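Asker: Sharing a structure here in structure tokens format.
The values are calculated or read from the model by the stated rules, or taken from the named source; none is laboratory data. Note that this is a predicted model, so its numbers are computed, not measured. So basically every Cβ, Gly included, is an ideal-geometry build from the backbone, and we count neighbours across all protein chains shown. Side chains are part of the model used for accessible areas, which takes the heavy atoms of the whole protein and leaves out ligands, DNA and RNA. Shrake-Rupley method; radii C 1.70, N 1.55, O 1.52, S 1.80 Å.
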Amino acid sequence: MREHLDIHIKPLMDQHPGLGTVLETAGIGCTTCSLGTCRVRDILEIHDLGPEATRDLLTAMGRRVIHGEAPFEVPDLPRRAPAARSAFCPPIRRMVEEHTFILRVITCFPALLKALATDFDAARPLADRVLDFVRTYADRYHHAKEEDHLFGLVEADADILKVMLQDHVDGRAHVRAVAEALDARDLATAGARLQAYGELLTGHIQREDTILYPWINRRLTDRQVGELFAACMKVDQAFGEAPSRMEAFVADLETALA
């Protein structure tokens, strides 16, 4: 298996179709990744399975899919020394909290679309406030913390970062399309693109909370945690009271659409 560690996962799965099932059994969703250029060794590091689980996974990949009955070696991989912290550091923990507000707004999308279909003119101001939340809170505030500060703490060419950044780009395109469709009173297109945005961000946030953030958190030195905390504080200061107002808006939105 050593010779497979530096192969990109998508071509390897194309060559060995059963590999995706083995990875999914281990909780690794490479089959749904839009990029798939992570090397096998990168996937093992990012998911931090532990020495025994890593060895079990490589054994399953080799015996059940790649090598079959032929003999093969399962390599012992060097492990990065884990950080002393056992939970998210404060700035990353705050980003996880921000995710909860974004997800609550996404949960309101079906009710918002129903309101628009019932009385477009009456519901349009609320839809505009939702778009403002997405553009200001989710993108310029939250995503800026990630793109300008958090992501810079790991290798810029890490494939998982490429996937996350592409999600941001795709999400912005969906939001622009929703706004244009609403201006044209094209509710079908607005609904389709809003649903696509919600599905994209829901999966994106799940991958960040369970894969990307834990991976970065494990790698940070205490000095980097302090630098990230200071950088995020500057972002909070620059936005002033806007984030707290928008977090309060989420509860108002839920009440209005209940």
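Asker: Could you tell me whether region 101-116 includes any residue that is assigned to a helix (DSSP H, G or I), open to solvent by 10 Å² or more (accessible area, probe 1.4 Å), touching a Leu at 6+ places or on another chain (Cβ under 8 Å) and of a type in the set (Gly, Ala, Ser)?
Answerer: So far as region 101-116 goes, yes, one or more of its residues are assigned to a helix (DSSP H, G or I), open to solvent by 10 Å² or more (accessible area, probe 1.4 Å), touching a Leu at 6+ places or on another chain (Cβ under 8 Å) and of a type in the set (Gly, Ala, Ser).
Asker: Restrict the check to region 43-50 and report whether at least one residue is modelled with pLDDT of 75 or more and among the charged types (D, E, K, R).
Answerer: So far as region 43-50 goes, no, none of its residues is modelled with pLDDT of 75 or more and among the charged types (D, E, K, R).
Asker: Output the residues belonging to region 129-186 that are among the charged types (D, E, K, R), in a helix (DSSP H, G or I) and over 23 Å from Lys234 (Cα atoms).
Answerer: Arg129, Asp159, Lys162, Asp167, Asp170, Arg172, Arg176, Glu180, Asp183
Asker: Still on this structure, please answer the following. Quick one: which of Leu194, Leu187 is within 23 Å of Phe109 (Cβ to Cβ) and surrounded by 18 or more Cβ atoms within 10 Å (Cβ to Cβ)?
Answerer: On inspection, the qualifying residue turns out to be Leu194.
Asker: Please verify whether region 238-245 includes one or more residues that are more than 16 Å from Phe101 (Cβ to Cβ), among the aliphatic types (A, V, I, L, M) and surrounded by 14 or more Cβ atoms within 10 Å (Cβ to Cβ).
Answerer: Among the residues of region 238-245, not one is more than 16 Å from Phe101 (Cβ to Cβ), among the aliphatic types (A, V, I, L, M) and surrounded by 14 or more Cβ atoms within 10 Å (Cβ to Cβ), which makes the answer no.
Asker: Looking at His168, His174, can you tell me which residue is touching a Lys or Arg at 6+ places or on another chain (Cβ under 8 Å), free of Cβ contacts under 8 Å to residues at least 40 places away in the same chain and not aliphatic (A, V, I, L, M)?
Answerer: His174
Asker: Taking only pairs six or more apart or across chains, which ones have beta-carbon atoms under 9 Å, a first residue in region 210-231 that is closer than 17 Å to Ala156 by Cβ and assigned to a helix (DSSP H, G or I), and a second residue that is open to solvent by 50 Å² or more (accessible area, probe 1.4 Å) and modelled with pLDDT under 90?
Answerer: Pairs found: Trp215/Glu45; Trp215/Asp48; Arg219/Arg80.
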